[in-house]
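J.: Dropping the structure in here first, questions after.
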Amino acid sequence: MKFKQTLLLAALTLAANGVAIADKPVVDAKLKAQVDKIIALSFLPGENQDLSRLKQDETLQTCNQYRDNVPEKMAAAIMEREAKAIKYPADGKLMGDWKTGEKYYKMGFAYRIGTVEPDKADKDRGGNCYACHSADPKEVAFGTIGPGLTGYGKLRGSGDDIVKYTYEKIYNAQAYNACSQMPRLGHNGILTPEKIAHITAFLVSPDSPVNK
Ligand code: HEC
């Protein structure tokens with residue numbers, strides 16, 4: 001009996017410690033502030049620089065403090081906050097034109113902190129999706145940081161749920177995965193809701209080369 005109680009006590013102590021450790025940021029706040037400062041100082045002031053891109057919002061700060069491994073409750077709070085901020089196209093259509101979507105899936109011009117050349121006047125930005133994902137099987141130059149998306153719509157169908165999930169995931173990846181490595185393309189103003197609807201069609205539409 002006594003042995004059992006001791007075991008139980010040991011288990012409870014372990015569990016309590018486990019929670020305490022997991023709830024504490026793993027990155028020292030002072031050290032983080034120093035590193036952030038050094039990074040900011042490394043950009044020499046000059047033309048065409050947008051240092052506002054270095055500012056971290058609450059979500060990014062939390063993910064950084066925990067090296068992307070945030071406790072469950074915080075992850076839920078992040079996903080809820082990010083999901084609430086999702087905006088949709090004015091006409092409510094989450095499926096646009098896949099051909100236009102293909103253009104923006106490919107286009108690598110997005111936001112940057114410093115540029116050698118000034119931004120194009122029309123600031124037509126793309127998602128640079130091929131940097132991390134495959135898509136059209138004919139495209140051979142793609143990165144593999146994210147999962148392959150070839151056959152995306154063929155595998156999942158093109159129902160309303162899939163369309164909505166795809167649109168929202170592209171708008172704000174962190175609404176579904178608290179500390180995702182995928183940029184928050186709509187949230188951060190890199191892609192407009194309309195462009196995201198076109199890209200959604202590129203991934204989901206049965207007519208798109210992604211699904212041929
Ligand atoms: C810097 C790399 C990166 C870029 C750029 C990027 N992604 Fe991702 N993406 C990821 C990673 C990593 C995941 C997996 C983790 C997750 O789901 O959050 C992912 C997940 C996804 C998913 C979910 C896949 C699934 O199985 O449900 C979709 C859809 C997606 N990305 C589409 C896009 C599109 C479209 C673009 C361009 C507009 C894009 N991504 C740009 C890294 C990236």
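J.: So between Ala83 and Leu31, what do we pick up on full extension, going 0.36 nm a residue minus the alpha carbon distance?
T.: 15.7 nm
J.: Now for a separate question. Give me the mean projected area, in nm² to one decimal, of the convex hull enclosing the Cα positions of region 98-211.
T.: It is 7.4 nm².
J.: Separate question: Would you mind computing, in nm to one decimal, how far apart the modelled labels at Asp207 and Leu60 are, each placed 7 Å from Cα along Cα→Cβ?
T.: With each label point 7 Å from Cα toward Cβ, the separation is 3.8 nm.
J.: Please report Leu31, Leu60 as a ranked list, fewest other C-beta atoms within 10 angstrom at the top and most at the bottom.
T.: Final ranking by Cβ density, sparse to dense: Leu31, Leu60.
J.: How many nm is it between the label spots at Asn188 and Asp23, if each spot is 7 Å from the Cα in line with the beta carbon?
T.: Going from the Asn188 label point to the Asp23 one covers 3.1 nm.
J.: Return the FRET efficiency for the residue pair Lys93, Val140: r is the Cβ-Cβ distance, R0 is 41 Å, and the value is rounded to the nearest 0.05.
T.: The value I calculate is 0.80.
J.: In addition: Hey, fewest Cβ within 10 Å first, where do Ser52, Ser208, Ser180 land in order?
T.: Ser52, Ser180, Ser208
Values in this text are rule-based calculations from the coordinates and carry no lab data. Treat the numbers as computed from the prediction; the structure is a model and nothing was measured. No Cβ is skipped: glycine too gets one built from the backbone with ideal geometry, and neighbour counts run over all protein chains shown.
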